[in-house]
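Notes for the one structure printed next.
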Amino acid sequence: MRIEFDEPKCVAAGQCAMVAPDVFDQREEDGVAIVLDPAPEPSQQDAVREAAAVCPAAAIRLVEP
């Protein structure tokens with residue numbers, strides 16, 4: 001799995017960071033998401049899929065083999 005993140009679409013809701021905190025964080029200055037691990041381990045992939053599903057701006061796209 002590879003994460004593609006469309007930063008301009010991010011509305012800083014923080015859902016991704018709450019659902020998958022080892023993969024996503026938020027910038028302190030504006031709350032926009034940061035991808036900490038663009039190729040998460042298999043053990044984290046379910047949480048990443050959930051993070052993408054709950055993103056209100058649909059800013060997270062997952063590329064899966």
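What is the calculated FRET efficiency for A39 to E7, with r their C-beta to C-beta distance and R₀ = 22 Å, to the nearest 0.05? Plugging the Cβ-Cβ distance into 1/(1 + (r/R0)^6) gives 0.80. For the range 19-65, GluC sites (Glu not before Pro) are listed when DSSP marks them as loop and at most 15 other Cβ atoms sit within 10 Å of their Cβ; the list is E28, E29.
Please determine, in degrees from 0 to 90 and to the nearest 10, the orientation of helix 45-54 with respect to the longest principal axis defined by the Cα atoms of the chain, where the helix direction is its Cα long axis. It is inclined by approximately 40 degrees.
Counting every other Cβ atom within 10 Å of each residue's Cβ, D30, D22 order from fewest to most as D30, D22. Mean projection of the Cα convex hull over all viewing directions, computed for the chain: 3.7 nm².
In terms of other Cβ atoms within 10 Å, I34, I60, I3 run from fewest to most in the order I34, I3, I60.
FYI, it's all coordinate maths here, none of it is from the lab. Note that the coordinates shown come from a computational prediction; the quantities given were computed from them, not determined experimentally. Here the Cβ is made from the backbone with ideal geometry for all residues, glycine too, and neighbour counts use every protein chain on show.
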